[in-house]
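Remarks on the structure that follows.
The values are calculated or read from the model by the stated rules, or taken from the named source; none is laboratory data. Here the structure is a predicted model, which is why all the values come from computation and not from measurement. When we count neighbours, we look across all protein chains shown, and the Cβ atoms used for this are built from the backbone with ideal geometry, even at glycine. These area figures cover heavy atoms from the full protein model, side chains too; ligands, DNA and RNA do not enter into them. Shrake-Rupley method; radii C 1.70, N 1.55, O 1.52, S 1.80 Å.
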Number of protein chains: 2
Amino acid sequence: MVKILIFGLTLLLSVQLFAQDRTFDLMPVPRAITPTQERFRIKKSFSIGIIGDPGNRVYKEATRSLRRLDDRMGFFFKQGIITSGDSLETADLLIYVERPAELNLYEDESYELKSDSEQVTIDAITDLGAIRGLETLLQLVSVDNEGYYFPGVEISDEPRFPWRGYYFPGVEISDEPRFPWRGLLLDITLHWMPIDVVKRTLDCMASVKMNVLHLHLTEDQMFGIESKVYPRLHQVGSDGNYYTQEEMREVIAYADQRGIRIVPEFDLPGHCTSWLKAYPELASVKRDYELQRYFGVFDPALDVTKDYTYVFLDSLFTEMAQLFPDEYFHIGGDENTGKDWARNPDIKAYMEKKGMTTYRELETEFISRVQPILEKNGKKMMGWDEILRPGVSHDIMIQSWRGTESLVEAAKNGYTSLLSTGYYIDLIQPTDYHYLVDPIPANTDLTTEQQKLIVGGEATMWTEHVTPETVDSRIWPRTAAIAERLWSSDTVRNVDDMYRRIDRISLLLEGLGSTHIKNKAMLMRRLADSYDTKALEVLVDVIEPLKIYERNAGDTMYTVFSPYTKIADVATPDQKVAREFRKNVTAWCSTQDSIPEIRILANLKIWKNNNSAFRELIKHSPVLSEAAGLSENLSRIAAIGLQAFGYIKNGIAPPVGWKEKNLEITEKAKEQGGRCDLQIVTAIEELIETAAR
Amino acid sequence: MVKILIFGLTLLLSVQLFAQDRTFDLMPVPRAITPTQERFRIKKSFSIGIIGDPGNRVYKEATRSLRRLDDRMGFFFKQGIITSGDSLETADLLIYVERPAELNLYEDESYELKSDSEQVTIDAITDLGAIRGLETLLQLVSVDNEGYYFPGVEISDEPRFPWRGYYFPGVEISDEPRFPWRGLLLDITLHWMPIDVVKRTLDCMASVKMNVLHLHLTEDQMFGIESKVYPRLHQVGSDGNYYTQEEMREVIAYADQRGIRIVPEFDLPGHCTSWLKAYPELASVKRDYELQRYFGVFDPALDVTKDYTYVFLDSLFTEMAQLFPDEYFHIGGDENTGKDWARNPDIKAYMEKKGMTTYRELETEFISRVQPILEKNGKKMMGWDEILRPGVSHDIMIQSWRGTESLVEAAKNGYTSLLSTGYYIDLIQPTDYHYLVDPIPANTDLTTEQQKLIVGGEATMWTEHVTPETVDSRIWPRTAAIAERLWSSDTVRNVDDMYRRIDRISLLLEGLGSTHIKNKAMLMRRLADSYDTKALEVLVDVIEPLKIYERNAGDTMYTVFSPYTKIADVATPDQKVAREFRKNVTAWCSTQDSIPEIRILANLKIWKNNNSAFRELIKHSPVLSEAAGLSENLSRIAAIGLQAFGYIKNGIAPPVGWKEKNLEITEKAKEQGGRCDLQIVTAIEELIETAAR
């Protein structure tokens, strides 16, 4: 055990040294880095000074950065709250800010970070730039072999204090984002997300330099924000979970502090059952509206042909425009089925009178009637692909969930847009898939001017199948890779280096409050009803929840009341153990190198023997029964893998029919269990094929 | 590995079966339990019905209980939100409530819980009783060998669904609390505790039937609640962290829902630096007041001789009396040094004029002038020992932090009181110490009537040395043992059975949201800056933070800005590994049984070898240097333990001087490192002494 640990650490340290010649451990990678050989040694006396015309944000963020540093290094820094009095030009970290930022799209976020053995400096035009620079600095913390102190052979009292070894490497970094809109959509309606989830998400977003949190606030399932002008919206339109305006102002201030804009979404004219439960007079069809408990696309829709609907929206949006300071206001616009409009003869008559032949035309009218309401309130309208309609003013923002084609179309027609297709992190796809999706692909035929209209992208965290306990494991660490795609140069595309760095960033995100690592262990303890979760962990390390929309077959399995505490909730996307096994198998099948060989053998032996322990766990906690098949399959195909390994290693041909018989077994092992599937089956197949070659 | 796991599980299951003849896994133990041989099998169709005159609370709590059950068993129960429509007398769980409770001291909390193979019933006079009964039921969930399903020899698709095996054991329980006041003081001023900490604390308190959360809201360090009449109190008297009145109303409703009262504390006439920073005119001494950043007892005090002080308190307390509905209102009263009063000639003159010779007399006057303000607002005054003064009205509640003598004195003088001495969970003492402290010791000379004046007790979570990341590990699971002391019969005092059950309750508390287990792993990852924390874990398992007031030597080491992320913060009270090692050593030294022997040997070998791995970890994360001595000591004394073990096992006498030499080493190994100390030194000494006997 001890030897393995030492080996692991040595490996880790050497990888780090190697990496420091290239991208350090930074994520997102800055525009330009020049490393030097110098080191700025961090000491107990470390201090921060701020000069220029910085405004308030940067004092608070510098104070928070100092505490975050101290939380990792434990020096007991003397500086408490940093104020305008802290302006010594000889401070260890000197921050210069030219002016406070306006928190708007296109605001300057650039910064220069320099460090040598004497001082670290961050220079920025705006405080936003300085705040981005502070996050870079926090990721630069390094350790060298000055970093330890051991007592002598005699038992000593207290080790030397303060300890040495922490430093910032000498660098010159010049950085700015590629795209000005680097967002995350957090849906708080399909499962309620309390304020503390939002706050920790903002902390983590800031640490990877994201700058827009898009809150999806209303849905068929609930209306999630207090309205004082139409209080039935949150009172009747929810089960009691909604943000009060006071809470939302606090969230907005918290985000502003971190240089993050909050964009609210009020999804219309469909997705509005909760509105109609509260105010049935707005509905296209008279019926008893109850909050939707299933997930999917439903028929209820606003009656957009009535003038009073716009009177209502005018009052509500005027109220909300005052609450949310951002210049963008998202009105959804997606997935209206049109069926409830078809059921209403008045609406049909209205359309006939206006010469409309499709429901899309009526939607277009809705959008053109809503836009002036927003405009009057100083807001730009934003919506999903569907709002891109002939004749709609150019002052809107299109968010694409349908594909890059929509972006190209929008840009060619002179509309600003951003990409979400490819960034649907709720669909459990691997990190590298998201990482390589570019809002402006290399082969684009857009002109430079048109390209500028594509302002960035947004990861989307739809919450059908997550709760506050599991949401972080769906957002992090994968979203850090999307953050890098939107910040860093389009040439930063090395998947191996991304995986190396994201492993490191994942630990830092946990340190900032994300629960994506620790809650996995907690969920396993609850699921196994035991402190000893080893057998479960072995299984969970090689399974992933069903991807895309497979988990909720036919949209009928899950409701808002379902338990999200089972093996598919414990399992996380892009399992590292499975990913590395696949990689090792591919490498070994072609090279038969000893390093992947040792690891493959270790994996296969553990898996082969795991099923008997897992069965004992099921006896103790029957809820695990649904994974009995997965566990049995894992052990069976691991045994096959060991056979194949033996044939390859010893250069012996397997008997006739061996390959076919075992490929049948691996084929069956691809079936789901507990809404998860095994992630190592293709690698076992590769071993079988190689053995039988 | 697999064999060890199976062994562990078998042991676990057999212990559970054994236990079910006695106290099941219930904590607190009910007043009376009669088990039967029947089992109520839980199925997917499980449903809850409510009859009687239940009020609102129990519908919400029954719904929450249904979700909590489903979260553990994963059945996808069909029932959503339970309403007055759910009143079928044939429901699987039928709850009868005679009337909704008034949430006051002395309200009825009794219930009867019966289960057989057909139905479970909870009968209660008040909804509070029913809510307590639901918590008992949730702790009764059991599993038997009907509980698993394995696929056949062929690979199967999906295991049978729903799985079997979950049941409620047949019981007749008749239960009610011994004391009506079962509280927890949560200090939110020495370190700020956000709303989500308070909410998860309330969830956990409810699960062990505690019924008072006492919030210590004001201190030298901050004023933690919004005042609309004197807004400078929270604006100037804090760094921006305070509960808004809206948030506090939400917390009060959340607590009420769980049958928990919220008692606010406004600590005066000392402990008020934050008040004086906001309103210096209230101070006894004119000086520039800044928020206190150190911890301890300080001189600033209200000038209680000025009439305008009482005008101020009248307005403030009238406002707060409206915000906090509970009948009790805590005004602190503790630890006023009197020094600032002595520094003010006007106060001296006032005292002379009134014929007062001690500052205690002035405090008595203060208390008698505040009490009518509270009384007028319908509140009973509550305070620490210090407020028990001659002539103070009998309608007050004394909270003892000085000892049971105060309780006896209070009771003999006709005052109601509750115990906190012995329940100071911030002092890192072991669970059994707190568990055996009884508000009314067996040898009391109080009459039955006087005993009734002792209404219970309160665990106190002072937060000098904890943050939201670590607070749960100081509260839980130890407070569950205090909850049992205050609920269960005084004859329930079996420490072994308490430790057996609290291990189980600890897992359930984590499932409810407490971070006491999962954050330990997170803190270790951050401290080691690595996913591999094995060597750190081995050390942390046998150390505890310095106890009582030793950690913060001279009150000068820590401030509110210090890092609380170090080894003393990772380490938790009452380490199980160390406790069981000590127990095993004592058992083995007298019996030389093989079970403790195997465990002792396994422990000693791991510890002996751990230091080299720990040194590697220090190289990677220098902040661990402060524990280098502890780690070296652990390995050295483990090696000595192994030597001693060999002598004992082989019946060989150690050489002359061996004992003395090694006892010197163990003596040195008692020294602290990183504000922690090793918890297995006495056991090694026991091995040395036994070997040398």
Check: Conditions: (1) free of Cβ contacts under 8 Å to residues at least 40 places away in the same chain; (2) within 32 Å of the chain's Cα centre (by Cα). B:I665 meets all but one. Number of the miss?
Finding: (2)
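Taking the options B:A481, B:A521, name whichever one is under 30 Å from B:T218 (Cα atoms) and in a helix (DSSP H, G or I).
Details: B:A521 fails: under 30 Å from B:T218 (Cα atoms).
Answer to the selection: B:A481.
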Note to self: I'm trying to understand the selection: among the residues of region B:297-321, which are open to solvent by 10 Å² or more (accessible area, probe 1.4 Å) and outside any helix (DSSP H, G or I)?
What the structure shows: B:V297, B:F298, B:D299, B:P300, B:T305, B:K306
Margin query: When you scan region A:167-180, do you find a residue that is crowded, with 19+ Cβ neighbours inside 10 Å, under 16 Å from A:A255 (Cβ atoms) and within 12 Å of chain B (Cβ to nearest Cβ), even just one?
Written below: no
Margin query: Can you confirm whether A:E250 is closer than 27 Å to B:E246 by Cβ, open to solvent by 30 Å² or more (accessible area, probe 1.4 Å), free of Cβ contacts under 8 Å to residues at least 24 places away in the same chain and not hydrophobic (A, V, I, L, M, F, W, C)?
Written below: no
Notebook entry, point to check: Quick check: is even one residue across region A:263-270 open to solvent by 10 Å² or more (accessible area, probe 1.4 Å) and of a type outside the set (K, R)?
Noted result: no
Item checked: Flag if A:D490 is within 9 Å of another protein chain (Cβ to nearest Cβ), touching a residue at least 60 places away in the same chain (Cβ under 8 Å) and either among the polar types (S, T, N, Q) or over 27 Å from B:T467 (Cα atoms) (or both) -> no
Checklist line | Residue list for region B:40-69, restricted to those being within 14 Å of chain A (Cβ to nearest Cβ) and either part of a loop (DSSP other than H, G, I, E, B) or open to solvent by 60 Å² or more (accessible area, probe 1.4 Å) (or both) | finding: B:R41, B:I42, B:K43, B:K44, B:F46, B:S47, B:N56, B:K60
Note to self: Name the residue that is nearest to B:W607 (Cα to Cα), counting only residues in region B:509-519 that are buried (at least 20 other Cβ atoms within 10 Å of the Cβ) and more than 9 Å from chain A (Cβ to nearest Cβ).
What the structure shows: B:H516
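Give the number of residues within region A:70-112 that are of a type in the set (A, V, I, L, M), in contact (Cβ under 8 Å) with a residue 40 or more places away in the chain and either over 30 Å from A:Y328 (Cβ atoms) or within 14 Å of another protein chain (Cβ to nearest Cβ) (or both).
Step one: list which residues in region A:70-112 are of a type in the set (A, V, I, L, M), which gives A:73, A:81-82, A:88, A:91, A:93-95, A:97, A:101, A:103, A:105.
Remaining after also requiring in contact (Cβ under 8 Å) with a residue 40 or more places away in the chain: A:73, A:88, A:91, A:93-95, A:97, A:101, A:103, A:105.
Filter once more, so that each one left must be either over 30 Å from A:Y328 (Cβ atoms) or within 14 Å of another protein chain (Cβ to nearest Cβ) (or both): A:73, A:88, A:91, A:93-94.
Number of matching residues: 5.
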Checklist line | Any pair with Cβ under 6 angstrom, 6 or more apart, that starts in region B:232-244 at a residue that is within 17 Å of A:I81 (Cβ to Cβ) and ends at one that is among the basic types (K, R) | finding: B:V236/B:K277; B:G237/B:K277
Item checked: Matching residues, region A:104-149, being touching a helix residue (DSSP H, G or I) at 6+ places or on another chain (Cβ under 9 Å), among the β-branched types (V, I, T) and surrounded by fewer than 24 Cβ atoms within 10 Å (Cβ to Cβ) -> A:V120, A:V141, A:V143
Next item on the list: Would you check which residues across region A:454-492 are over 12 Å from the mean Cα position of the chain (by Cα) and open to solvent by 10 Å² or more (accessible area, probe 1.4 Å) and list them?
Entry: A:E464, A:H465, A:T467, A:P468, A:E469, A:S489, A:D490, A:T491, A:V492
Margin query: For region A:278-296, give me each residue that is away from chain B (no Cβ under 14 Å) and open to solvent by 10 Å² or more (accessible area, probe 1.4 Å).
Written below: A:Y279, A:P280, A:E281, A:V285, A:K286, A:R287, A:D288, A:Y289, A:G296
Notebook entry, point to check: What is the one condition in (1) of a type in the set (F, W, Y); (2) more than 21 Å from A:D267 (Cβ to Cβ); (3) surrounded by 21 or more Cβ atoms within 10 Å (Cβ to Cβ) that A:W341 does not satisfy?
Noted result: (2)
Notebook entry, point to check: Taking A:P655 and the conditions (1) open to solvent by 30 Å² or more (accessible area, probe 1.4 Å); (2) more than 9 Å from every other protein chain (Cβ to nearest Cβ); (3) in a helix (DSSP H, G or I), which numbered condition does it fall short on, given that it satisfies the others?
Noted result: (3)
Item checked: B:K576, sole failed condition from (1) more than 8 Å from every other protein chain (Cβ to nearest Cβ); (2) among the charged types (D, E, K, R); (3) within 30 Å of A:S142 (Cα to Cα) -> (3)
Item checked: Positions within region A:200-255 being farther than 27 Å from A:H465 by Cβ, within 14 Å of chain B (Cβ to nearest Cβ) and among the hydrophobic types (A, V, I, L, M, F, W, C), in sequence order -> A:A253
Next item on the list: Report yes if B:E632 is touching a strand residue (DSSP E or B) at 6+ places or on another chain (Cβ under 8 Å) and open to solvent by less than 40 Å² (accessible area, probe 1.4 Å), otherwise no.
Entry: no
Notebook entry, point to check: Out of A:G403, A:G422, which single residue is surrounded by fewer than 15 Cβ atoms within 10 Å (Cβ to Cβ) and on the phi > 0 side of the Ramachandran plot?
Noted result: A:G403
Check: Filter region A:192-203 for residues that are in contact with a helix residue (DSSP H, G or I) (Cβ under 8 Å, 6 or more places away or on another chain) and open to solvent by 20 Å² or more (accessible area, probe 1.4 Å); which is farthest from A:A253 (Cα to Cα)?
Finding: A:P194
Check: Can you tell me which residues in region B:658-693 are of a type in the set (A, V, I, L, M), within 23 Å of B:A587 (Cα to Cα) and surrounded by fewer than 20 Cβ atoms within 10 Å (Cβ to Cβ)?
Finding: B:L663, B:A692
Next item on the list: Determine if region A:115-127 includes at least one residue that is farther than 30 Å from B:I567 by Cα, modelled with pLDDT of 95 or more, in a helix (DSSP H, G or I) and in contact with a Pro (Cβ under 7 Å, 6 or more places away or on another chain).
Entry: yes
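Being touching a strand residue (DSSP E or B) at 6+ places or on another chain (Cβ under 8 Å) and open to solvent by less than 50 Å² (accessible area, probe 1.4 Å) is the requirement here; does B:Y242 meet it?
Answer is no for this residue.
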Check: Any idea which of (1) open to solvent by 40 Å² or more (accessible area, probe 1.4 Å); (2) part of a helix (DSSP H, G or I) is the one A:W275 doesn't satisfy?
Finding: (1)
